[in-house]
Structures are given as structure tokens and as C-alpha cells.
Amino acid sequence: MNPTGTTALILSVVAVLCVGSPSSPQRAVAQVPAPPTATPPTTTPANAAPSADAENSNESPDTAAPPLDGEDGRELSVRLFTPRPQLIVPRSDIRRARFPVVDVHTHFFYKLRHNQQALDDYLAAMDRNGIQVSVSLDGRLGDQLDSHMNFLWREHRNRFVIFANIDWQGEGRAEDPASWACQRPGFGERTAEQLADAVAKGVSGLKVFKLLGLGYRDADGSLLQIDDPRWDPIWAACGRLGIPVLIHSGDPAAFFEPVDRYNERWEELSRHPDWSFHGPQFPSLQEVLAARNRVVARHPQTQFIAAHIGSSEHDLATAAQWLDQYPNLHLDIASRINELGRQPTTARKFLIRYADRVLLGTDGPWPEQRLLIYWRFLETADDAFDYSEKTPPPQGLWQIHGLELPDDVLRKIYHQNAAKLIPGIAERLSALGVPHDPN
Ligand SMILES: [Zn+2]
């Protein structure tokens, strides 16, 4: 397998929630300023190929420069470069996961907005794909938690598990961080009590969004720190309550680099300049991840699932060091098959070695095509295929290669680790009649 022989593709739009979506309410609260170095989207000539990206269709025909379409000796814009691979290689036809799946990373509020038809449609896709249980990370707290439970559990309690979220803002005003609930003494203890109530109602974990460390502001305007001791009662409570903390910290390494011609995610960042975390107003990725790791180290009785390979998807040797160092640390692979699949030899060794510590997540609900790509990536040895149904590929202009993981590794990543780590999963699998012997 030769990951360097990947094929570049191009064009269009995507809002990947965990890579930062301007439409997400989490993002709206952040008020992260666009970095001064961010490059605005280049305008698209009126006669260019149609694009799904409405942001780029704002040029009037009168002012259109010659199209950078690469024809008749003209230059070619990266936005128009849409090569069709000539490679002829075997193509597996995967229709469903080989073993029962627990998807530990999904967003049933932020993506479905409590739309019943969308939920029914996705349940049908879960059935076709062999996804037995999905973990919704959007439970929040209080009344919002009750309505999310009602949405997912009224008819399908066995198919969904719910994680709560910390309510940092409370009754405070979004634009005034000094007024946020987290600034008042005892916030950690009060949140711990709310979590205990939520667990009594059936909640199975706590999800922490990446805005902790990159978006939420302290009273003095600086960023709230992940390892601020004020939050320690929350992490400790999760350990006592026996629920894992699924924490998203950081983002792809390229998002912390200048948005210039050397940035391997330029195409994506140029369309979403507010996804960049480059500049003096942000910490480095290493600083963010070190703060997260200090929390993991301080709370050995609490199980942590670091989302998206713990934001070390570009550097699996470092992720391996963390797993060796912190026995209470686990990783999910949600929305990172683009990275794992361009280093298939390294990724395969990593997932086999740490098969007990990695969980399947998709960051969905996605169109069904995306689910099929996950199974194809993990189960087959196919070369050079798209990691997304979208054009251009939304997280880097390359293709991926399958890992062909052994069956015992697939079973662990697909459901056995989740059944051990997340309360309520094993019971649901049993109720659904799914064999899930952890051995
Ligand atoms: Zn997510």
C-alpha cells in the first residue's frame, strides 16, 4: 500500500460539526474571531463548473476574469482541479458492518434537531448497516436533556445511549463571559450534582466540546482552560458515577498553521476561515492537548475517551505514548478515517496494538454512503478510495486505503470496548439479542 500515491480532488462545501461548523450553536457561542491571516475564498468565475458552495458563487459575469480552468493554456485553480483517477484496482462491495456496531460519537440534536422523520430514516440506516446502538453526545442538561431523552427513548430506548453536557453559560449572557454560570463559586460541585441526577435518569456519560480550551472565555477575556482546577469536581464526579468523559480537545494540526499555500487543508480553511486556530489569540495544539492530558492524569479513577484520536491523528506515535502513560485514556476514531487511511500501514499497527483502547465513532448521523465507507476502510484492503461522499473531499484533498483489520480487533473496536466502558451498552446489546462476549 502506498499512501503517498493518493489522488488530489476538489470543490464545494461541508460543515463537519466536530471540525467546527459556523451553523452549530456551540460555535455561535464561541465568538472566535477569524484570524487576520485567513485567506478569503477566491471568487468563482460565472462560467465555472457548478459548485454546491453557494459562498463561492457571488461573482457577476461582467467582472469575471478569465476562468482558471486549466484549458487552452490558462492556469488552473485548486477549486476547479477535479482529477478523475485512472487507477484500476479491486473494489469491495460492502453493504453492512461485519460485526455488531456501537457508534459512540453521534449528534442527534445538532444534526437532526429532533425531527422525527429524520430519526426514523436514520434508524432504518442503522438497521441496514448493523449499528445496534448509537451514542448521542447532545444530551445537555435540565429541560433540554428531558426533551432529548423523550426524542430518542420514547420508542427506541434500546437503540440509543445519551451523554450529557456541561452548561457553562447557564443564565448568563452569551456575549458576557463574566456573567456565565461557570464563574460563580461552587460551579463544579453544582454540575456534579446535576450529573448525578442525569445518571439517575439513565444518562451514560459526559461529552465536553472543543470550545473548552479554544472558545469559551473566562471573565478576563482569556480562554477557559481545560485543566482549570475549578472543573476538577466535575471530572471526579464522573469517576464516582461510573460514567466516561468523552472529550474533544484541539482540532486537526493544520488548523493551527497559517492558512497559506503550504497548508494541506487550505482548500477547506479558505472556505471556512473561522475554523482556523492560527494566531497569537490561540494556544498551540500542543498546549491544548497537554492541558487535557493533565486532567486525565489528575483523575485516574475517571475514564476518558479523547475524541478524534485525541487530536493526534497526524502523529500516532504520540497517541501511543499517551495510551501507554494513561491507563484511563481511550480514543474514538470519529471523522478521522481521512487521516488514518492515508497512513494505512502505521494506522493498522496502531489499531491492532491498541485494539482494547479504541472505539468506533462516526460523528454522524451521516448519509448512509459515509457509514459504508467506515466499514470498507476498517474491513477491506481496498486501495485509493474516497473517505467521504462529498466532492471535494471535505477534510483534505486525498484518498484513503483500507486497513483489513483482523476480526478480533474489529469486534473490540465495533462494540466490545464500548460495552465495557459505557454504562447501558451491554444491557442494550443483550436486550437486542446481540452476542457481545468481551472475550
Ligand atoms: Zn462530534
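Taken together, the values in this text are just the output of simple stated rules run on the coordinates, not laboratory data. None of these values were measured; they are calculated from a predicted model. Here the Cβ is made from the backbone with ideal geometry for all residues, glycine too, and neighbour counts use every protein chain on show.
Computed values, structure above
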item	result
Interchain or long-range residues, amide H under 5 Å from L76's placed H	G70
Note, ³J(HN,Hα) from phi for region 79-91, Karplus 6.51, -1.76, 1.60, rounded to Hz, x at Gly and Pro	5, 9, 6, 10, x, 9, x, 8, 4, 10, 9, x, 10
Percent breakdown of C-alpha pair distances by 10 Å bin, ordered from the shortest bin, for region 183-266	16, 38, 27, 13, 6, 0
Intensity falloff of region 185-341 expressed as log10 I(q)/I(0), Debye formula with alpha-carbon point scatterers, at q = 0.16, 0.19 Å⁻¹	-0.94, -1.23
Estimated inter-spin distance, A181 and Y262, nm [label 7 Å along Cα→Cβ]	4.4 nm
Phi-based couplings in Hz for region 141-149 (Karplus 6.51, -1.76, 1.60; Gly and Pro marked x)	9, x, 4, 5, 5, 4, 6, 5, 4
Contour minus Cα-Cα distance for D408 and Q169 (0.36 nm per residue)	81.7 nm
Mean-position separation - Cα centroids, region 165-229 and region 83-151, in angstrom	27 Å
Cα-projected label distance for R84 with Q301, points at 7 Å along beta-carbon direction, nm	6.3 nm
Relative packing of 111-117, 418-424, which averages over residues the other C-beta atoms within 10 Å, highest first	418-424, 111-117
Hz values of 3J(HN,Hα) by residue in region 371-377 - Karplus curve (6.51, -1.76, 1.60), Gly and Pro given as x	4, 4, 5, 4, 5, 4, 5
For Q399, distant residues with modelled amide H under 5 Å away	T7
Gain on full stretching of the segment that runs from S92 to D356 - 0.36 nm per residue minus C-alpha separation	92.4 nm
Cross-link pairs K210/K420; K111/K390; K349/K412; K207/K420; K111/K207 - those with Cα-Cα distance over 21 Å	K210/K420
Amide H contacts of E264 (H built 1.01 Å from N, under 5 Å, at least 5 apart or other chain)	none
